[in-house]
Amino acid sequence: DVYKGQHPQESPPPAGIWRRRLGGSRLLVALASAYTVIVGGVAALLFLLLPDSKAQEDQPLPASVPFSLAPQCHGAACEGRDPMRLICGIGPDTLASYRTATGAHVELRHSKKCGASWARTWGTEIGDRLDVTAGGPTHGVRIRTEDDAATFVYTGMAEVRPGSTVRACFRPASADGERECFEARVGGAATTTRPPPSPVASDSRE
């Protein structure tokens with residue numbers, strides 16, 4: 001009977017063995033699924049984070065803008081413009097300085113590289129006004145806030161040439177305050193002036 005070409009019938013394994021095999025298969029399937037999810041998530045994350053080389057090649061490279069302290073205007077191109085923004089306020093000359101009757105300080109400034117002058121003031125009060133001119137347009141600034149009064153405030157620039165006369169006028173906020181003006185010549189020696197004494201002060205000294 002054994003040699004009739006038929007394999008002897010194998011007895012079924014114990015039920016406990018099937019349960020162990022089934023449990024091991026489920027564990028392998030679960031691990032494989034988790035691995036697939038992890039790998040897929042990492043691939044998707046890398047796809048989102050990595051730069052698109054083709055897109056980078058299509059985009060033009062940004063032009064480099066070197067940092068420069070060179071003035072950004074000269075002469076007429078500076079008229080009425082901000083001396084600090086246009087790099088004219090680096091190393092300027094002081095043509096003249098003035099102390100007003102209210103105690104404010106005023107200076108006439110000049111930049112040779114920009115061919116322009118302006119006026120600046122500090123120690124001011126809200127409502128004070130400062131104007132500057134060099135024979136052309138007049139450029140002024142008004143003290144509007146406490147922050148303005150606590151720092152330097154400056155006018156726009158006026159075009160100048162060697163020998164030009166620059167004139168600044170300070171007008172205090174008080175109604176009874178008088179306008180005070182002084183001037184300086186570009187290329188001349190720096191001067192410091194003070195307001196003339198009032199008539200009352202003069203009489204008291206006599």
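Using a probe of 1.4 angstrom, how much of the accessible area of the range 75-186 is carbon and sulfur, in percent? Let's see the in-between values first.
Values: 2420 of 5520 Å².
C and S fraction of accessible area: 44 percent.
How large is the accessible surface per residue of the range 75-186, computed with a 1.4 Å probe and reported in Å² as a whole number? Present the calculation step by step, with values, prior to reporting the outcome.
On the way: 5520 Å² over 112 residues.
Heavy-atom SASA per residue in the range 75-186 reads 49 Å².
Taking a probe of 1.4 angstrom, what is the accessible area of residue 84 in Å², to the nearest 10?
Per-residue accessible area (residue 84): approximately 80 Å².
Could you give the length gained on full extension between residue 93 and residue 79, defined as 0.36 nm per residue of separation minus the Cα-Cα distance, in nm? All intermediate terms of the calculation are to be shown ahead of the outcome.
Numbers: separation 14, 0.36 × 14 = 5.04 nm, distance 1.79 nm.
Stretched out fully, the residue 93 to residue 79 stretch lengthens by 3.3 nm.
With a 1.4 Å probe and all protein chains in place, put 124, 151, 192 in order of accessible area, largest first. Mind showing how you got there, number by number?
Working: 124 15, 151 65, 192 95 Å².
Most to least solvent-accessible, the answer reads 192, 151, 124.
Give the accessible area for residue 81 in Å² (nearest 10); use a 1.4 Å probe, count only protein heavy atoms, and leave out ligands, DNA and RNA.
Surface accessible to solvent at residue 81 totals approximately 110 Å².
The values are calculated or read from the model by the stated rules, or taken from the named source; none is laboratory data. Treat the numbers as computed from the prediction; the structure is a model and nothing was measured. Please note that ligands, DNA and RNA were not included when accessible areas were found on the heavy atoms of the full protein model with its side chains. Shrake-Rupley method; radii C 1.70, N 1.55, O 1.52, S 1.80 Å.
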